[in-house]
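> For reference, the structure I am asking about is given below.
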Amino acid sequence: MKRLVLTSLLAIAVVFGANAQSKQPAAQPVKTNGAQAEIKFDKVEHDYGTIKKGGDGTCTFTYKNVGKTPLILDNARSSCGCTVPSWSKEPLMPGQSASITVKYNTNNVGPINKQVTVTSNAVNSKVTLHIKGKVEKEG
């Protein structure tokens, strides 16, 4: 009797385990050299220098797909709410260029030292962009 119960419990565990495995996300494709998108930025840091409060806090980071397949930016996330990145959600074909615009809120007086983390389907799937400088009070 104990053996029957134990066997039944084992069978149930196997069925539930197999079912749980089938619901897991599909494995990510293996990254191969030369057969994938690759992102290359013209610069990864922008220095505003010293700007006045309320001044133009916009900068642009240009990038190119130097890989062999379309590049798709999944996200561009800033380190705080005072820095807002915007970018195209469209795939970027090999050899094409595009840009990410970053807007910093210059009503915040003091040093600027922020990051924007860009994630994509590229071989180098995570790139960190930096902005720095200083915002001074007017007058």
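What follows draws every value from the coordinates through simple rules; no lab data is involved. These numbers were taken from a predicted model, which means no experiment stands behind them. Cβ: placed from backbone, ideal geometry, glycine included. Neighbour counts: every protein chain shown.
> Would you pull out the residues with amide H under 5 Å of Gly57's amide H, same chain only if 5 or more places away, H placed 1.01 Å from N?
Tyr104, Thr106
> Give the residue list of GluC sites (Glu not before Pro) in the stretch 33-139 that are DSSP loop and have at most 12 other beta-carbon atoms within 10 angstrom.
Loop-located and lightly packed - Glu138.
> Now for a different question. Quick check: pseudo-label points 7 Å beyond the Cα along Cα→Cβ at Thr119 and Lys134, how many nm apart are they?
3.6
> Continuing with this model, one more query. With a 10 Å Cβ neighbour count serving as the proxy for reagent exposure, in which order, fewest first, do Ser78, Ser86 appear?
Final ranking by Cβ density, sparse to dense: Ser86, Ser78.
> Can you flag which of Lys43/Lys137; Lys53/Lys126; Lys40/Lys114; Lys68/Lys114; Lys52/Lys89; Lys53/Lys89 are past 26 Å Cα-Cα?
Over 26 Å Cα-Cα: Lys43/Lys137; Lys53/Lys126; Lys68/Lys114; Lys52/Lys89; Lys53/Lys89.
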